[in-house]
Every structure is written in structure tokens, then in C-alpha cells.
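Structure record follows, encoded as C-alpha cells.
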Amino acid sequence: MIITSVLIKWYHKNKRHLPWRDTQNPYLIWISEVILQQTRVIQGLDYYLRFIRKLPDIQSLATVSEDEVLKLWQGLGYYTRARNLHAAAKNIVHYFNGKFPDNYTDILKLKGIGKYTAAAVASFAFNEPVPVVDGNVCRVLSRLYAINYPADSAEGQKLIYSLAEKIIDKKNPGIFNQAIMEFGALQCVPQNPDCSKCPLNKKCLAYIYNNVSLFPVKKK
């Protein structure tokens, strides 16, 4: 599909070089995804490097005290994330013999992991073709297909997910998921995107009809 290949080509040319993109280690990918929830990349990078330096694998995270985990998390906020990380590491040791589960269904069973994080780890680490749908992906697809359902409604979310499933690269789902998220973060930004330089502007219905600012539609 043209959209898929364009996104991947754009990604290889424009992506930010971040340490969690240079690995297929599910533990490191998981830590980065949890840290980046509610946290800007620039701020999260320092925390990520400090965290994995101190706790480089599942066993070290599972055996350390919760106080030590919270100390490493200090300043990031949303401390439930840190507590869930600690609990999930213990779950992995207890139920999966210390080996990170290698599929979306089992990853989703871990404490504090939702559909987004499970899909991210499953596709980035294990190349499982499950779409990752975050705010960036939602915005890109809402504009490309001029989705009139509110993105924060059940109907809108279902449609966006189905479109993500349709265009995901089945052979390289991890790269594709990272590509469309990065595209939303750097190119198809929330306010005043530079659509004239967008490689998908000839395919984007919102741009064609000159109403990019209206998408994604919200309930309000």
C-alpha cells in the first residue's frame, strides 16, 4: 500500500535516534514505553538511561525494593506507573519463568499494561502485526481519511483501529508502528502542520478539502 511505504520511507529519513529504537529487547522497550506515558521524550530520555543503568533486566527490577523503584522514578510523577512496573516484573518472574512474554495476549495480562503498550512491545520486540494507536496515530489517520466520528468515541476509536490494522505492514509491523507514531509527532502535528511538505498530502482527505484543523473530531 502506498501510504504504508511512504510512511516507512519518511521514517528512515526523518526519525529521531533514540536508544530504545536500537534494540528488540522487550524489557528495554517496555521501560521506555511506560516512562514516555505522560512524559516528553527529552525529559524521559534521562530517566530511561538512569533506570536501565540501575535496573538493566527483569530480574533486577523484580528483586529490588519498591522504594528503590520509586526513588528512580522521582520527578516523573504518576507513580502508579512505577508500582505497576515493579509488580509486573514480579509477575513475569513468577508466571513466565523470568522471560518476558512474547505475544500481545500474554503481555496484556501484565499489571498496568494496556492495549497500547502491549501492542508496542509485541510489534517492536517480536514483530507481531498488531497496530499501535496513540494520540499521534489517531491524528494522522483521522486527517488522512477525514474521519467524522469523534476520535474519543467508541465508534471513532473502533474505526481508527480498523484502519490501522488495514494499512500496517505485515512483514515489518514494528517499523511501521514507529513510523506512523513518529510521523504524527514530527510532521502531522496538532497545530499548524506544514502540509505543503507532507509526503502524504495528495492522499490526505483533510488536506484535499482544506479542513485539516478540524481533525481529529472531538465530542465537544
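The values are calculated or read from the model by the stated rules, or taken from the named source; none is laboratory data. On a predicted model such as this, the values are computed, not experimentally measured, just so you know. Neighbour counts are summed over all protein chains in view; Cβ atoms, including those assigned to glycine, are modelled from backbone coordinates with ideal geometry. For accessibility, only protein heavy atoms count, side chains too; no ligands or nucleic acids. Shrake-Rupley method; radii C 1.70, N 1.55, O 1.52, S 1.80 Å.
Kirkwood analysis of the range 103-220, using all unique Cα-Cα pairs, places the hydrodynamic radius at 14.7 Å.
Look at (i) 33, 17, 16; (ii) 38, 17, 15; (iii) 24, 21, 19: the one that is semi-axes √(5λ) of the Cα gyration tensor in Å derived from this structure is (i). Shape descriptor for the range 38-161: Rg over Rh equals 1.03 (Cα atoms; Rh from the Kirkwood inverse mean 1/r). Cross-link pairs exceeding 21 Å in C-alpha to C-alpha distance, out of Lys115/Lys220; Lys170/Lys219; Lys13/Lys197; Lys166/Lys203; Lys99/Lys166; Lys158/Lys218, comprise Lys115/Lys220; Lys170/Lys219; Lys99/Lys166.
For n ≥ 4 DSSP H runs only, could you compute -39500 (n - 2.57) per run for the chain, divide by its residues and tell me the 222 nm figure to the nearest 500?
Using -39500 (n - 2.57) per qualifying helix, the result is -17000 deg cm²/dmol.
Dipole of the chain computed with +1 at Lys/Arg Cβ and -1 at Asp/Glu Cβ about the Cα centre; of Leu205, Phe176, Gly98, farthest Cα towards the positive end is Leu205. The long axis of helix 173-186 is offset from the longest Cα principal axis of the chain by roughly 70 degrees. The alpha-carbon of Lys54 sits under 12 angstrom from the alpha-carbons of these aspartates and glutamates, leaving out residues fewer than 8 places away in its chain: Glu68.
The apolar share of the surface of the chain, taken as the fraction of accessible area on carbon and sulfur atoms (1.4 Å probe, ligands and nucleic acids excluded), comes to 51 percent.
Surface analysis of the chain yields an accessible area of 53 Å² per residue, using protein heavy atoms and a 1.4 Å probe. Taking the longest Cα principal axis of the chain as reference, the axis of helix 80-95 is set at about 60 degrees.
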